[in-house]
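Here's the structure, in C-alpha cells; my notes come after.
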Amino acid sequence: MKISIIGTGYVGLVTGACFAEVGHEVVCVDADANKVRTLQAGGIPIYEPGLEDLVLRNVAAGRLSFTQSTADGVARSEVVFIAVPTPPNPDGSVDLSYIESVAREIAGCLEGYRIIVDKSTVPVKTAEKVAETVKRYRRTEVEFDVVSNPEFLREGFAIDDLMKPDRIVIGTNSARAAARMRELYAPFEAPLIVTDTNSAELIKHAANSFLALKISYANALSVICEASGANVQEVTRGMGLDARIGTRFLQAGLGFGGSCFPKDLSAFIQISDQLGYDFRLLKEVQRINHGQMERFVKKIEDTLWVLKDKRIGVLGLAFKQNTDDVRSSPAIDLCLRLLGGGARLRVHDPKAMDKAKAMLSPGPNLEYVEDPGKVAEGCEALVIATEWPEFGRLDWAAIRASMSTAILFDGRNLLDPAEMKSLGFLYKSVGR
Ligand code: UGA
C-alpha cells in the first residue's frame, strides 16, 4: 500500500522504515529542510539500533523516500500518518498545535479519499477534533476517515517493538478505514484490535501510566527494602514470576524519565481532571518518581558529606540504555543536582554525549570523557546513572585502582554488591 508519514522523529522514521521493510511504499515528510536533506543523503539524525541499515536498504529498494512537502506526501498515498510531537505545556497539558496545523495542511491538499491516521500520543477525543478540523479546512467535499493508531515502541528497541508488536490498536468509527488498516498491518503477526477512536486514544495513555505505576511500585518497595534489609531485586523477581504481575518494568533505580512517561503521566492526570476525575493514584506515581531521585542524591551527600569540589565520575547520560536521547533524563537531572552542589564531574555516555552537551556545557566543573574505563580516574566517587549493559563489563578492579577513594553509587542496580565489595568499593545501590 502507499503511505505517507508526516513527522520524521523517532516514531515517524522508525514506523516509515518498518512499513517499507514489509513491502509498503512509504514517503516520509518533514518540515525541517535540513533533516530531509540529511535523510535524502543517507544520514540518520537519531541513534536507534538497526535503523540505519533498515533505512538505507529500503531507500535503495525504492520503497522509502523523503520530502519536505506535505502536499507531495498526501498526493502519493492512500494512508496519511500523523507522527508529529505533542510536547507538554507548562501546566502539564498537551500542546496540540502541531497536530492541528498538520490536520489543516492535509485538509488543504486532499483531492481524493484518504485515511488520516494519528500515531502521536494525544488526549482522548483528539481524533474527533482532527476530523472536525479536516472537514472545516478541506477545499471540496472530498471523503476521508480518521483513525487513531497509537504507537507502543520503546526507544532503543524500536525496530523489534514495531516488527513484532504485542498488539496493534486501530481506533476508528469507519468500517472502510478499519478494513484498509487491517490490510496495512497484515504482514505483522500480532493481535489486532479495532475499537472506537476514544478508546484507542485512552489505551495509549492508560498503558504508559500503568507501566510508570509499575516502576514507581518497585521504587517504593526499594525504600521498604532498604529500611528492612531486604533486596528489592529478589522481591520484584519473586512477585513478577506470578504471571498476573510479570517481571518486566519492575526495575528499581533512579526513576523513569524520557520523552514519554513523565509527559504522558502529567497529561493523563490533566485529562482525567478535565473529565471530572481526580486521578490521585497517578499523582502518587509522580511523587514516588521524584522522591526516588531526591533519596539517591541524599545518599550521595550523606556519604560524601560535602559535595563542593568533590570529583565524581558519572557513567551514563541517556535516559536509558541503547539510545542517545537525553530528554527528561534522570542522569542529566542527577548531574545538574551534583553540579548545583559544587561537585566537579567527569561524565561519559556511549551514545548521548553530543546531545547531553546542549544541556550540560563543558566547563571547569564538567569534563566529557571518551573512555568509560577512565571516567573515575582521580575521583572520590563514581555514579552509574544509566543502565548501559557494557558498564557491567568494565574492568572494575582497574577502575577501583584509578580512584582516589573507591565509593561507587549504582543508581541502576547494574552490578553485583558482593563482587564490588570484594574489590574494595564502598558500594551503594538502590533497595539492596
Ligand atoms: C515508553 C513505553 O515503554 C513504550 O511502550 C511507549 O511506546 C513509549 O514510552 C512512548 O510512549 O512513545 P520509552 O520512553 O522509549 O518507551 O522507554 P522505556 O523503556 O519505557 O523506559 C522509560 C523510563 O523508565 C526509562 O527512564 C527507564 O530507565 C525507566 N525504567 C524502565 C525503569 O526505571 N525501570 C524499569 O523497570 C523500566
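The values are calculated or read from the model by the stated rules, or taken from the named source; none is laboratory data. Treat the numbers as computed from the prediction; the structure is a model and nothing was measured. Methodologically, a virtual Cβ is constructed for each residue, glycine included, from the backbone with ideal geometry; neighbour enumeration extends over all protein chains shown.
Any idea how many residues of region 90-127 are among the small types (Gly, Ala, Ser), surrounded by fewer than 24 Cβ atoms within 10 Å (Cβ to Cβ) and touching a strand residue (DSSP E or B) at 6+ places or on another chain (Cβ under 6 Å)?
Result for region 90-127: 0.
Out of Gly62, Gly23, Gly12, which single residue is in contact with a strand residue (DSSP E or B) (Cβ under 9 Å, 6 or more places away or on another chain), in a loop (DSSP other than H, G, I, E, B) and either modelled with pLDDT of 95 or more or under 18 Å from Val80 (Cβ atoms) (or both)?
Gly62
Take region 116-152 and flag every residue that is of a type in the set (Phe, Trp, Tyr) and either under 15 Å from Asp196 (Cα atoms) or more than 18 Å from the chain's Cα centre (by Cα) (or both).
Tyr137, Phe144
Looking at the structure I just gave you, is Ser174 hydroxyl-bearing (Ser, Thr, Tyr) and buried (at least 19 other Cβ atoms within 10 Å of the Cβ)?
Considered against the rule, which asks whether it is hydroxyl-bearing (Ser, Thr, Tyr) and buried (at least 19 other Cβ atoms within 10 Å of the Cβ), Ser174 comes out as no.
Just checking, does region 262-282 include any residue being in contact (Cβ under 8 Å) with a residue 40 or more places away in the chain, among the small types (Gly, Ala, Ser) and not assigned by TED's automatic domain parsing to the domain that holds Glu155?
Checked region 262-282: at least one residue is in contact (Cβ under 8 Å) with a residue 40 or more places away in the chain, among the small types (Gly, Ala, Ser) and not assigned by TED's automatic domain parsing to the domain that holds Glu155.
Determine which member of the set Asn198, Asn208, Asn173 is more than 25 Å from the chain's Cα centre (by Cα) and either in a loop (DSSP other than H, G, I, E, B) or not aliphatic (A, V, I, L, M) (or both).
Just one listed residue meets the conditions, Asn173.
Can you tell me which residues in region 341-368 are surrounded by fewer than 21 Cβ atoms within 10 Å (Cβ to Cβ), among the hydrophobic types (A, V, I, L, M, F, W, C) and more than 25 Å from the chain's Cα centre (by Cα)?
Scanning region 341-368 gives a single hit, Leu366.
Ala186 - would you say it is free of Cβ contacts under 8 Å to residues at least 12 places away in the same chain and hydrophobic (A, V, I, L, M, F, W, C)?
yes
Please enumerate the residues belonging to region 357-379 that are out of contact with any Pro (no Cβ under 8 Å at 6 or more places or on another chain), within 17 Å of Gly411 (Cβ to Cβ) and not small (Gly, Ala, Ser).
Hits for region 357-379 are Leu360, Val375, Cys379.
Give me the pairs, please: first residue somewhere in region 246-258 and more than 20 Å from Phe409 (Cα to Cα), second residue anywhere and more than 6 Å from the ligand (Cβ to nearest atom) and part of a loop (DSSP other than H, G, I, E, B), beta-carbon distance under 7 Å, and either six or more positions apart or on two chains.
Listed pairs, sorted by first residue: Thr247/Leu241; Gly258/Asp325; Gly258/Arg327; Gly258/Ser328.
In the list Val223, Val194, which residue meets the criterion of being more than 27 Å from Ser328 (Cβ to Cβ) and either more than 13 Å from the ligand (Cβ to nearest atom) or of a type outside the set (Val, Ile, Thr) (or both)?
Val194
Only one of (1) more than 29 Å from Ser199 (Cβ to Cβ); (2) of a type in the set (Ser, Thr, Tyr); (3) in a loop (DSSP other than H, G, I, E, B) is not met by Tyr277, so which one is it?
Going through (1) more than 29 Å from Ser199 (Cβ to Cβ); (2) of a type in the set (Ser, Thr, Tyr); (3) in a loop (DSSP other than H, G, I, E, B) one by one, Tyr277 breaks only (1).
As an exercise: evaluate Ile269 against (1) assigned to a helix (DSSP H, G or I); (2) surrounded by 19 or more Cβ atoms within 10 Å (Cβ to Cβ); (3) within 14 Å of the ligand (Cβ to nearest atom) and give the number of the one condition it does not meet.
(3)
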